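Throughout, read-outs are computed from the coordinates displayed, never taken from laboratory work. Please read all numbers here as calculations on a predicted model, not as lab measurements. Here the Cβ positions follow ideal geometry from the backbone for every residue, glycine too, while neighbour counts run over all protein chains shown.
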């Protein structure tokens, strides 16, 4: 199973890993969500994250059905991620 950011669900790879405050790479979070050992938006709610995901998907290529389906899957996945449990 592919590793994903435990905050936003973005697939993780070495180019997008966040970092801990000691400089090591986080193995759980991407740099869009987590830097220097802290969440960039520590008070973000799951509903606000869903809104951010929706905006990003709407700007991506694809037809309306693909975008709708992608948003549904990603928003359902959020509930399973460490940050939102």
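Residues in region 17-43 that are within 11 Å of the chain's Cα centre (by Cα) and not in a strand (DSSP E or B) were compared, and the one that is surrounded by the most Cβ atoms within 10 Å (Cβ to Cβ) is 33.
Each residue in region 56-82 was checked for being part of a helix (DSSP H, G or I) and either touching a strand residue (DSSP E or B) at 6+ places or on another chain (Cβ under 8 Å) or more than 13 Å from residue 8 (Cα to Cα) (or both), and 12 of them qualify. Taking the conditions (1) closer than 11 Å to residue 83 by Cβ; (2) out of contact with any strand residue (DSSP E or B) (no Cβ under 8 Å at 6 or more places or on another chain); (3) crowded, with 17+ Cβ neighbours inside 10 Å in turn, residue 46 satisfies each one other than (3).
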